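*Asks:* Dropping a structure here in structure tokens format, bear with me for questions.
The values are calculated or read from the model by the stated rules, or taken from the named source; none is laboratory data. A quick note: this is a predicted structure, and the numbers were derived from the prediction, not measured. Glycine gets a Cβ as well: all are built from the backbone with ideal geometry, and neighbour counts include every protein chain shown. Remember, those area values only see protein heavy atoms, side chains included, never the ligands or the DNA or RNA. Shrake-Rupley method; radii C 1.70, N 1.55, O 1.52, S 1.80 Å.
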Amino acid sequence: MNPHQTRTMACDCDFHAPGWLATHVGVAVLLFIVGGLLFGAMAFELKTNGPLIATDTALASSLHATAVQTANTTDETATFGFFLGKEMIELIGVILIVYFLYKRFWPELGMVLIGWSGGTVIWYFVTRYFDRMRPAQQMGIPVHYPSFPSGHTMQSMLCFGLLAYFLMPHLPSTFWKWLVAIVAVLAMLFVGFSRVFQGGHYLSDVLAGYGLGLAWGALIYTWMEHYTLKRRIRSG
């Protein structure tokens, strides 16, 4: 193996953005539209007190009754979903920031800093605009700020979606690519289910969080890659 091959293999092992969204902008636009439509549909239901809101209430009551009956076996597991969607994501963010600073991977650093912090700012103002009360009874860790949309599910979409996007191009086979994608999706779904199960959110809050996270992630991650791609073309 010559030195050039060694350097190439080392670069391929780096944890960085593959540039796929920048070269497939149509897919990014589709993801943005799907996420925006999902969020918009949930927002419309909430503002117009549509039929999904009645389903929200019924589902919240049903799940709360189940959660109370099975609290000894399920409460700790469901509470882990709270930490997975908040503290665990914050820890992953710190690790990624340190790594990207060390590697001088500025676009990837921007994806985490602008994508995740920007998502938090958007979530803050959107929740205050809708100002929806949470379900009356919460288990696990009670939260008292507005409910719509779910910040846990929005951040899980931004975090686990980005991790899968970074990892998949560097994996050796289709099996491992699918496994990472499935694990990422399951992590997102687990965070959302745990929040509804423990009474921290309504179903529409969770769906709106997924939609807003998908739309914002598609926008900011594609923009960061596109900006980098243009700089690389100009420099060389």
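*Asks:* When the stretch 110-168 is examined, which residues are found to be within 23 Å of I53 (Cα to Cα), open to solvent by 30 Å² or more (accessible area, probe 1.4 Å) and of a type in the set (G, A, S)?
*Replies:* Matches in the stretch 110-168: A136 only.
*Asks:* In addition: Checking the condition open to solvent by 60 Å² or more (accessible area, probe 1.4 Å), hydrophobic (A, V, I, L, M, F, W, C) and touching a residue at least 60 places away in the same chain (Cβ under 8 Å), which residue from L21, L31, L46, L84 passes?
*Replies:* On the way: L21 fails: open to solvent by 60 Å² or more (accessible area, probe 1.4 Å); L46 fails: open to solvent by 60 Å² or more (accessible area, probe 1.4 Å); L84 fails: open to solvent by 60 Å² or more (accessible area, probe 1.4 Å).
L31 is the lone residue from the list that is open to solvent by 60 Å² or more (accessible area, probe 1.4 Å), hydrophobic (A, V, I, L, M, F, W, C) and touching a residue at least 60 places away in the same chain (Cβ under 8 Å).
*Asks:* Take the stretch 90-146 and flag every residue that is modelled with pLDDT of 90 or more and hydroxyl-bearing (S, T, Y).
*Replies:* If the condition is that a residue be modelled with pLDDT of 90 or more and hydroxyl-bearing (S, T, Y), then Y99, Y102, S117, T120, Y124, T127, Y129 are the ones that fit.
*Asks:* Return the residue satisfying two criteria in turn: it lies in the stretch 175-193 and is farther than 15 Å from D205 by Cβ and among the aromatic types (F, W, Y), and of such residues it is most open to solvent (accessible area, probe 1.4 Å). Don't jump to the end; show me each part of the working.
*Replies:* Taking the stretch 175-193 as the starting set, the residues that turn out to be farther than 15 Å from D205 by Cβ are 175-187, 190.
After this cut, where a residue has to be among the aromatic types (F, W, Y) as well, the list is 175-176, 178, 190.
Details: F175: 132, W176: 119, W178: 164, F190: 61 Å².
Filtering the stretch 175-193 for residues that are farther than 15 Å from D205 by Cβ and among the aromatic types (F, W, Y), the one most open to solvent (accessible area, probe 1.4 Å) comes out as W178.
*Asks:* Continuing with this model, one more query. Could you please let me know if G161 is among the small types (G, A, S) and either farther than 15 Å from A218 by Cα or out of contact with any Phe, Trp or Tyr (no Cβ under 8 Å at 6 or more places or on another chain) (or both)? I'd like the intermediate steps shown before the answer.
*Replies:* Working: among the small types (G, A, S): yes; either farther than 15 Å from A218 by Cα or out of contact with any Phe, Trp or Tyr (no Cβ under 8 Å at 6 or more places or on another chain) (or both): yes.
The answer is yes for G161.
*Asks:* State whether one or more residues within the stretch 129-138 are farther than 16 Å from Q198 by Cα and touching a Leu at 6+ places or on another chain (Cβ under 7 Å).
*Replies:* Within the stretch 129-138, the subset farther than 16 Å from Q198 by Cα is 129-132.
After this cut, where a residue has to be touching a Leu at 6+ places or on another chain (Cβ under 7 Å) as well, the list is 130, 132.
Looking through the stretch 129-138, at least one residue is farther than 16 Å from Q198 by Cα and touching a Leu at 6+ places or on another chain (Cβ under 7 Å).
*Asks:* Among W116, W123, which is within 15 Å of the chain's Cα centre (by Cα), free of Cβ contacts under 8 Å to residues at least 60 places away in the same chain and under 30 Å from H226 (Cβ atoms)?
*Replies:* Values: W123 fails: free of Cβ contacts under 8 Å to residues at least 60 places away in the same chain.
Matching residue, one of W116, W123: W116.
*Asks:* Can you confirm whether the stretch 69-80 contains a residue that is in a helix (DSSP H, G or I), open to solvent by 40 Å² or more (accessible area, probe 1.4 Å), out of contact with any His (no Cβ under 7 Å at 6 or more places or on another chain) and at pLDDT 80 or above?
*Replies:* No, that holds for no residue.
*Asks:* Sticking with this structure for a sec: Among what's in the stretch 1-57 and is of a type in the set (D, E) and part of a helix (DSSP H, G or I), pick the residue that is modelled with the highest pLDDT.
*Replies:* First, pick out the residues of the stretch 1-57 that are of a type in the set (D, E): 12, 14, 45, 56.
Cutting the leftovers down to part of a helix (DSSP H, G or I) gives us 12, 45, 56.
Values: D12: 48, E45: 93, D56: 87.
If we take residues in the stretch 1-57 being of a type in the set (D, E) and part of a helix (DSSP H, G or I), then E45 is modelled with the highest pLDDT.
*Asks:* Check whether at least one residue in the stretch 215-224 is within 27 Å of D75 (Cα to Cα), in contact (Cβ under 8 Å) with a residue 40 or more places away in the chain and under 15 Å from the mean Cα position of the chain (by Cα), and report yes or no. Give the steps one after another, and end with the answer.
*Replies:* From the stretch 215-224, those within 27 Å of D75 (Cα to Cα) are none; that's our starting set.
Checked against the condition, which is being within 27 Å of D75 (Cα to Cα), in contact (Cβ under 8 Å) with a residue 40 or more places away in the chain and under 15 Å from the mean Cα position of the chain (by Cα), the stretch 215-224 yields no hits at all.
*Asks:* Can I ask one more? Restricting the search to the stretch 91-109, which residues are part of a helix (DSSP H, G or I) and loosely packed, with under 13 Cβ neighbours inside 10 Å?
*Replies:* Narrowing the stretch 91-109 to residues part of a helix (DSSP H, G or I): 91-103, 106-109.
Passing the criteria: L91, V94, I95, V98, L101, Y102.
*Asks:* Given the structure, is W178 closer than 24 Å to W106 by Cβ and out of contact with any Lys or Arg (no Cβ under 7 Å at 6 or more places or on another chain)? Before you say what the answer is, go through the steps one by one.
*Replies:* Values: closer than 24 Å to W106 by Cβ: no; out of contact with any Lys or Arg (no Cβ under 7 Å at 6 or more places or on another chain): yes.
No, not satisfied.
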